[in-house]
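See below for the structure under consideration.
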Amino acid sequence: MNWNLLVVAVALAAPSVHGFLRFGCSNLVTERFDPLVTPGQVSPHVHQVVGGNAFDLTMDPNVDLAKASTCTTCRFKEDKSNYWTAVLYFKARNGSYIRVPQMSNHNTGPGLQSGGMTVYYFQPSAPTKDLNITAFAPGFRMLVGNPMRRKDDIDPNTAAAQATSFRCFQGADPGAIGAPGAPPGDTFHLPKQVCTGGIRSNIYFPQCWDGKNLDPADHQSHVAHPVGPGFFGTDCPATHPVRLPLLFMEINWDTRPFNDKKLWPKDGSQPFVFSMGDPTGYGQHADYVFGWEGDSLKRAMDQCTVPDGLVTSCTTLTLQTTEQMNNCRVPVKVPEVVENKWLKQLPGCNPIQQGPGYATMVKRCNAVSTTVNAHLPTYAPSVVVPPWSVCNAGPTPEPLTPSCDSIPGEKPVPAPGATPPPA
């Protein structure tokens, strides 16, 4: 994708630029929960989770994900972390909802992952004063964004203003070269036009830490964005002086089944809404729980400095195939339907709240609040074929694009094309 081209172009101009990790993570489970938001401030809503299979709804801070997980949905076997984001739904003209599928990102092959996201870990780059980073520690958690937000109310001169954004794809075109989150290429609200190739969520986590707290009650105050409007080449504030890897995520929503505006509301307004009842996109948020094995993340940050982001360039970590990623799953424990079926309302107590005021908590919620002991899913993972290529079939290798046979055991990649919407 063009993000890689930007990084390499900068690297050629400034040799001091460090590298980064870029890898896919398939979907682990889709379920209604939200353990990292403050109780009483937001109703539990549907999220999709990727990463290690030690994930549990209780999110017990004493559980070491790296040791408790037996598999991970991420490309690198050492990464047993959990990453989760709110799920996007399509609201049809008749008022019913259906979950929007997800698809593989550009240049994430070989193989097609089942939903999920693309995860990045960036090393700091000049002119940042401190190029040394501290890897996340066991027990570390953080949350970025506010699910109750419904308007663009953050100072545009701060990095926080660009932490969550969207890219509207037209066909297979990846969009303009540039870091995600920069207008006019990206928007901070959900795109209002038809995006024929899908919509991508772009999410930057804070990269500055207070050096003390692993997970405060609000899951946010221990971390901060760098000073100023950007994420690269900037410095940490004095209150949070410890530099962390810059964690960035991309989620590609397959909105192609809903491109026909005859399915949209009669007034022509955009039809997509996040699971917490947010039709604006300003409430986009994400959560992270550290779970890398031993010193593997720190080792990768120190040794994998090639600025191409290809997983095969980071030989200190262990790769697995997309099939192995896709088949690492956990059962749904909340007994309710949240996907693959048209719904009369969003799961949980999450009515549409347009704003511009902040969303409010629904009182006397009667949604399902218990869990069950469920079995592992036995059906095959769902895979969507995106409109773009995920790897290079040759015969001449393309820079920054993984070869379609670069990982032993990987299955052939289907040709680009859309799949039908969920039944």
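Rule-based calculations on the coordinates, nothing more; no lab input. If you're wondering where the values come from, they're calculated on a predicted model, not measured in any experiment. Please note: Cβ atoms are built from the backbone with ideal geometry, for glycine as well, and neighbour counts cover all protein chains shown.
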Problem set entry | Amide proton proximity set for F140, modelled H, under 5 Å, gap of 5+ | F290
Exercise. Of the trypsin sites (Lys or Arg not before Pro) in the stretch 298-332, which ones lie in a loop per DSSP and count no more than 14 other C-beta atoms within 10 Å?
Worked result: none
For this session: Report, ordered by chain and residue number, the lysines lying within cross-link reach of K363, taken as a straight Cα distance under 21 Å and ignoring same-chain residues fewer than 8 apart.
Result: K344
Problem set entry | Placed amide H near L28: partners under 5 Å, 5+ positions off or other chain | V49, V50, G51
Exercise. Are there trypsin sites (Lys or Arg not before Pro) in the stretch 73-135 that DSSP puts in a loop and that have at most 15 other Cβ atoms within 10 Å, and which ones?
Worked result: R93, K129
Exercise. Using helices alone, what [θ] at 222 nm do you get for the chain, with -39,500 (n - 2.57) per DSSP H run of 4 or more residues, divided over all residues and rounded to the nearest 500?
Worked result: -1500 deg cm²/dmol
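Apply the a/c threshold of 1.5 to the C-alpha gyration tensor of the stretch 2-326 and tell me whether it is rounded, prolate or oblate.
Rounded.
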For this session: Would you kindly derive the ³J(HN,Hα) couplings of the stretch 272-278 from the backbone phi angles with the Karplus curve 6.51 cos²θ - 1.76 cosθ + 1.60 (θ = phi - 60°), listing them in order in whole Hz, with x for Gly and Pro?
Result: 9, 8, 6, 4, 8, x, 9
Problem set entry | J(HN,Hα) series, the stretch 303-313, from Karplus relation 6.51 cos²θ - 1.76 cosθ + 1.60, nearest Hz, glycine and proline x | 9, 9, 10, 6, x, 10, x, 6, 4, 6, 7
For this session: Write out the chymotrypsin sites (Phe, Trp or Tyr not before Pro) in the stretch 240-269 meeting two conditions: DSSP loop, and at most 13 other Cβ atoms within 10 Å of their Cβ.
Result: none
For this session: Work out the count of Lys pairs in the stretch 2-326 where the Cα-Cα distance is under 22 Å, with the pair 8 or more places apart or on different chains.
Result: 17
Exercise. Between V242 and residues 5 or more places away or on another chain, which pairs have amide H atoms under 5 Å apart, with H built 1.01 Å from N, and which residues are they?
Worked result: W209, G211
Exercise. ³J(HN,Hα) across the stretch 355-363 via Karplus (A = 6.51, B = -1.76, C = 1.60, θ = phi - 60°), whole Hz, x for Gly/Pro?
Worked result: x, x, x, 5, 5, 10, 6, 7, 8
